[in-house]
Amino acid sequence: MDRLILRKSDVQAFLESFLADYRVVAPRHIAGSDFVFDDYRPGQEVRFDFVNTLVPPKNLFFQARETLFQISGTVHPTILPKPSAKPLAVFGLRSCDASGLAFLERFFAQRGFEDDTVTARIRSSLRMVLSCHTPGDNCFCVCCDGGPALTSGFDLQLADLGNRLLAEVGSESGRAAVRRRPDLFSAATDADYSEKVRQLAAVDQTFNRRSYISSGMKRISLARLTEEFWQDCAADCRGCGGCCFVCPTCSCFSVTDKPDDEDHYRRERWRDACLYEGFTREASGHNPRARKAERLKRRFFHKLSYQYVELMGRHGCVGCGRCVTTCMGKLGIPDFLARVHDECK
Amino acid sequence: MGFQVTTCPGCACGCGVLLEEERGVLIAAYPVSSHPVSKGSLCIRGWNSVDSWRHPDRLTTPLVREDESLLAVSADEALERIFSPLKEAAPGSICFAVAPSTSNEDILAILRLAHYLRARVCGFDFSGVPTARRALTSVLGRHYCSSSLTVLQNAQLIWMFGADVDNYPQVASALTTAESNGAQVVSFDTFAEPDKKRRVQVFVPPEEFGLLPVLLQKCALERGYILPSVASRPGFGRLAAQYQDRSWLPSSSILREQRIRELVASFSTSPDSAVIIGDRWLTTGLRALEQTSQLLQALALLGVEDRLVIAAGEANSWGLADLLAPHESDSRILAGLLNGDTSDIAVLVTCGDDLLRSAPCPGNLEEALGLVGTVIVLDRFRNGLIPFADAVLPSVSFAEMDATVTNTFGMLQRWRQAVTPPGEARPERAWLGLIASRLGLKSWPGTPLEWWMTEEGASSPYDGSGVRLLYETNGRAEWLLREETNLTLVRPSGSLTSRTPEDRSVQAIFTRHPANWMTGAWSDRNEILRRESAEQVLGVSQPDLDEKGIKSGGRVRLVTQEGSAVFVARADGRLPQGLVSLAEVTGSREIPRSLLAGSEEGFSFQPVPCRLEKV
């Protein structure tokens, strides 16, 4: 793997070299400790002092609402060509989110039904990952193979070494990215790499949260949890769907066809949540998961059962901790796993 | 792509919301982790708050009535139609009815125009907030309760009074946190929570809501649980003396004094205790204001007046109550209207929301609206008032304007514009400004901040420098109301229990419709509201259904002394035997007007003795 050094003061120039060919996205400060991934504007300050965004960068690829295609004509309908869009160049992705994108890519390409909207965006994107040296209060990626740094699944991986970044090239796209401004990069030394390794070892000690993930997976997969346990969880769940919306690996959606005018129609897809009562309600009115407890059970089964590990190559949690932040019922993944652990003591 | 931080319009919690916009279209809403109330969470309404923005019933052009139908017209034509009735109406015969979803600046604009027209202004807030604010003012001498939810999160013992906290998810969240830290929760309510097994649930019949706080006071005084700081307060000695003679205290077969004594004892000895008062407490009972005042008095005697949370209200219920406080006497106009009395109203202007859907007895209101000379509607949607409207002016959503709203803790927060309003839609203050200009009122502020510099803004209870800071620095929300308690104790004025007829089999009470909170997207919610409304659903306890041989989903007739109505019965596990529940969305044209009781002191829904018959 190529290892290079990029000075922080050169990051702006590096990002601006992509603007002609890419839609460049970088973290932007919005309020308090909140950041979002938003379009990078020339001259914008590049921030490295964020933990992570609460709005997951998956929404750049799997948008909260988007038009999948438009149809013209009712007698002889024609699908209109999609407007072309620049590929995404995302700077500052955290390791957990990059892992989530790999999961989403697999999900949207599985079983021969490839959704080219999401997969094309992911595959054409340039993913510049920023490994973590300060975990957030709710982060637990170390328990989930989600971080704080990656060994694959990125184009460039950057580690913060003070006023410099150690850049590791993880793909041919990453190599091509470096070639855009080779003057900004210099070769990294063994000492630089040792510094990164030392940092990561230190980071591992600073995580506040741990999760009982393997024992939880076992109990969920083997259906060792009682109906009463799920009822208790349902009593605390507010059914907001927030855990699904912030999760880097969640992919629930619904589609609808709607008219623009007499001759034009569009198919829209919007984010949905498996915790919503309407998500599995059938046209007849019958709902196979009418009770919240059943929906919760389904959600955690999808996230953590061996059956889905087999299907998706990994479990559905990357340890970003967003569900912990957003859940009002203390049912984020580590809190839920702690309940499972207590239940089965 | 763009993002804008604003405030959720879903309820009075006032959570921080981050709106995502793309090419002028709202895409999604997200929480804000650094927001002091929501701290990174939102409820189902907040997550789906952008769905109302794209609703198909959205109004985008002014409408005026021509030959029984409403026609889309230009703004000028609509204003021309409005001009004459407003100009010619006699002083006092114009009534502005303002929804609790209206922003503070829009309320200030309404007050300015109303003052110029010598019109009356009343808020149509049925959430119980006006009651709570009046009780807080009269007993504690302040307008708000605790300044944050931390009091709940850190509590070891929590009392809840008629609180359906699922409607106020941030309160529910704080409660969950407290419970997970080992807090004990005691719920005093007519409704049970079957899934909350850890909680102590004390059943209080709705007709005894007035009795419970008096018993709490009595037990607190008897057992000497009063804190020295409370005992030294003005009026305390007088109150204590009143309890020397206990003959006026009614006896209750259900609320046994011994049980209350035990509860008061454990509450008084708990180092960290807190209280939630919910909208069911504030709106149900014989006299909502009196029972709430007595409850606040009991809690003040127990020394927890600084650890109260009120779980009630819509987006700006508290701002509306603050700004309309000097106009409290005008609320009688609305009470009359709800009872079908339109004698005082020549022109009715409704602002911000659907008065019909909010009203407890929409049938009576529909009758009254048919008799009002001119009805002008300012709203975002084609609402239930449209068939009665002579002119309709399209207003804007929370994401389309700059303004402020006040949450249940007295926290003034910004609504920030994220997208441009569609078509002719504009903020209410902009429409009112156009009307004012035609009527000859010259002075009309432009920016939201300028509204706080007007006579109306300057006389509001808000700190002007705090408002300026909020706008000029684009800063974070500020706590603007820091209030000291000034306790005033009062004895109940009347009988504490209702007389129930011998042949009573059940009592009917109003409640909020669960579809508001249990569905996902807005469109889903409306679909369910329509279906439920069409079916006229009546919640009935399983024992009552079994006793009458009625299946859930079967039809039942609810018979009162004054009339009857047929409903679809639905088993409701939260209801005790002997109580049936009408959701407020249910059309209740055949239900007698006596359901709306106590209009002099706010809106309390008196439980009505009924008989239930299988159809």
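Pairs only if they're at least six apart or on different chains, beta carbon under 6 angstrom, first in the stretch B:145-162 and without any contact (Cβ under 8 Å) to a residue 60 or more places away in the chain, second surrounded by fewer than 20 Cβ atoms within 10 Å (Cβ to Cβ) and polar (S, T, N, Q); list them, first residue then second. If the second residue must be surrounded by fewer than 20 Cβ atoms within 10 Å (Cβ to Cβ) and polar (S, T, N, Q), the pairs left are B:Gln153/B:Thr177.
Listed residues B:Ser251, B:Ser247, B:Ser270; which is at pLDDT 80 or above, assigned by TED's automatic domain parsing to the domain that holds B:Leu175 and more than 16 Å from B:Phe161 (Cβ to Cβ)? The unique qualifying residue is B:Ser270. Being farther than 24 Å from A:Cys141 by Cα, exposed (fewer than 15 other Cβ atoms within 10 Å of the Cβ) and of a type outside the set (Gly, Ala, Ser) is a property that A:Ile79 has.
Scanning the stretch B:114-129 for residues that are outside any loop (DSSP other than H, G, I, E, B) and either farther than 20 Å from B:Ala315 by Cα or modelled with pLDDT under 90 (or both) returns B:Ala114, B:His115, B:Tyr116, B:Leu117, B:Arg120.
The helices (runs of 4 or more DSSP H) located wholly in the stretch A:249-345 that include 2 or more residues which are surrounded by fewer than 21 Cβ atoms within 10 Å (Cβ to Cβ) and in the same structural domain as A:Asp232 (by TED's automatic domain parsing) occupy A:292-304, A:306-312, A:333-343. Just so you know, in the stretch A:315-327 the residues that are at negative phi and under 14 Å from the mean Cα position of the chain (by Cα) include one that is nearest to the other protein chains (Cβ to nearest Cβ), and it is A:Arg322. Restricting the stretch A:33-59 to residues that are among the acidic types (Asp, Glu) and crowded, with 16+ Cβ neighbours inside 10 Å leaves a set whose member that is farthest from B:Arg23 (Cα to Cα) is A:Asp34. Can you tell me how many residues in the stretch B:42-59 are in a loop (DSSP other than H, G, I, E, B) and either within 11 Å of chain A (Cβ to nearest Cβ) or aliphatic (A, V, I, L, M) (or both)? The number of residues fulfilling the criteria is 6. With the condition kept exactly as written, say whether any residue in the stretch A:4-26 is within 11 Å of chain B (Cβ to nearest Cβ), in contact with a Lys or Arg (Cβ under 6 Å, 6 or more places away or on another chain) and either in a strand (DSSP E or B) or closer than 30 Å to A:Asp183 by Cα (or both). Yes - at least one qualifying residue is present in the stretch A:4-26.
Of all residues in the stretch B:534-555, those that are free of Cβ contacts under 8 Å to residues at least 24 places away in the same chain have Cβ atoms under 7 Å from Cβ atoms of residues that are charged (D, E, K, R), 6 or more apart or on another chain, in B:Ser552/B:Arg570; B:Gly553/B:Arg570. Report whether or not B:Ala298 is in contact with a helix residue (DSSP H, G or I) (Cβ under 8 Å, 6 or more places away or on another chain), modelled with pLDDT of 85 or more and of a type in the set (A, V, I, L, M). Spelling it out, B:Ala298 is indeed in contact with a helix residue (DSSP H, G or I) (Cβ under 8 Å, 6 or more places away or on another chain), modelled with pLDDT of 85 or more and of a type in the set (A, V, I, L, M). Where residues in the stretch B:47-86 are under 28 Å from the mean Cα position of the chain (by Cα) and of a type in the set (Ser, Thr, Tyr), which of them is surrounded by the most Cβ atoms within 10 Å (Cβ to Cβ)? Filtering the stretch B:47-86 for residues that are under 28 Å from the mean Cα position of the chain (by Cα) and of a type in the set (Ser, Thr, Tyr), the one surrounded by the most Cβ atoms within 10 Å (Cβ to Cβ) comes out as B:Ser49.
Here's the yes/no breakdown for (1) within 13 Å of chain B (Cβ to nearest Cβ); (2) at positive phi; (3) in a loop (DSSP other than H, G, I, E, B):
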position: A:Pro56; (1), (2), (3): yes, no, yes
position: A:Asn59; (1), (2), (3): yes, no, no
position: A:Gln70; (1), (2), (3): no, no, no
position: A:Val75; (1), (2), (3): no, no, yes
position: A:Ala85; (1), (2), (3): yes, no, yes
position: A:Phe91; (1), (2), (3): no, no, no
position: A:Phe103; (1), (2), (3): no, no, no
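Sub-9 Å Cβ pairs linking a first residue in the stretch A:28-41 that is in the same structural domain as A:Phe14 (by TED's automatic domain parsing) and in contact (Cβ under 8 Å) with a residue 60 or more places away in the chain to a second residue that is assigned to a strand (DSSP E or B) and surrounded by fewer than 18 Cβ atoms within 10 Å (Cβ to Cβ), at least 6 apart or interchain, number zero.
The values are calculated or read from the model by the stated rules, or taken from the named source; none is laboratory data. The shown structure was predicted, so the numbers you read here are calculated from the model rather than taken from an experiment. FYI the Cβ positions are ideal-geometry reconstructions off the backbone, even for glycines, and counts take in every protein chain you see.
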